[in-house]
Amino acid sequence: MGSNFQYKWLIGVVLTILLQVLFLRDLALFYYGFCFIYLWAIIKAPIDTPPLYLILGGFALGWLLDIFYNTHGMHAFSTVLIAWLRPTFFSILTPANGYDERSNISLAEMKWMWFFPYLGLMLFTHHFVLFQLEASEASLFGLSLLKAFLSTVLGVIVFALLELFNKGK
């Protein structure tokens, strides 16, 4: 993994945080689906990224969002959880010939049969935990599930569009 890629990835992380905080904070689909584009940093991190870096980075990202969203650690917990579960999701979705450590996580390189299940698992896990923590009561389980499902659908659409626009790069 070259330093050029690392700089591009870091710039992308900063831009997604700014985009999330400045523009996507109040954007909702039918009042129930929310777009959390800041998860791009964890989802698109290189395959060979050490789990500790992912967890620390997930905490920092979630904590920054918690500051701006006033959510008292809910984003941090949910983001750390998917950073911790990411290697497990990789092992569940491992292709027959394994991973090439030089591979980037992208629709162009991993193809849709791997990319969309991975993306859906990551987004749904994050969203469900986040909305269940936000609800903080079992009677709102159905509403949390609806929010998680709609947010996952919106997230998959947004990430797919980003991947299509990034296809040639």
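Annotations for the structure displayed:
- Which numbered condition Leu121 misses (of (1) modelled with pLDDT under 95; (2) within 20 Å of Phe90 (Cα to Cα); (3) surrounded by fewer than 20 Cβ atoms within 10 Å (Cβ to Cβ)): (1)
- The stretch 56-79, residues that are modelled with pLDDT under 95, surrounded by 15 or more Cβ atoms within 10 Å (Cβ to Cβ) and of a type in the set (Val, Ile, Thr): Thr71
- Pair list, Cβ < 8 Å and 6+ apart or interchain, from the stretch 20-44 residues that are in contact (Cβ under 8 Å) with a residue 40 or more places away in the chain to residues that are of a type in the set (Phe, Trp, Tyr) and in a loop (DSSP other than H, G, I, E, B): Gln20/Phe36
Conditions tested, residue by residue: (1) farther than 21 Å from Phe34 by Cα; (2) of a type outside the set (A, V, I, L, M, F, W, C); (3) in contact with a Phe, Trp or Tyr (Cβ under 6 Å, 6 or more places away or on another chain).
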| site | (1), (2), (3) |
| --- | --- |
| Trp63 | no, no, no |
| Ile82 | no, no, no |
| Phe115 | no, no, no |
| Phe141 | no, no, no |
| Lys147 | no, yes, yes |
| Leu150 | no, no, yes |
| Leu154 | no, no, no |
| Ala160 | no, no, no |
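- The one condition in (1) polar (S, T, N, Q); (2) within 15 Å of Phe131 (Cα to Cα); (3) without any contact (Cβ under 8 Å) to a residue 60 or more places away in the chain that Thr49 fails to fulfil: (2)
- Here is the figure for the stretch 134-168: residues that are in a loop (DSSP other than H, G, I, E, B), over 23 Å from His72 (Cα atoms) and out of contact with any helix residue (DSSP H, G or I) (no Cβ under 9 Å at 6 or more places or on another chain) total 0.
The values are calculated or read from the model by the stated rules, or taken from the named source; none is laboratory data. Just so it is clear, the model here is predicted, and its values are computed rather than measured. Counting neighbours? That spans all protein chains shown, and the Cβs are built from the backbone with ideal geometry, glycine included.
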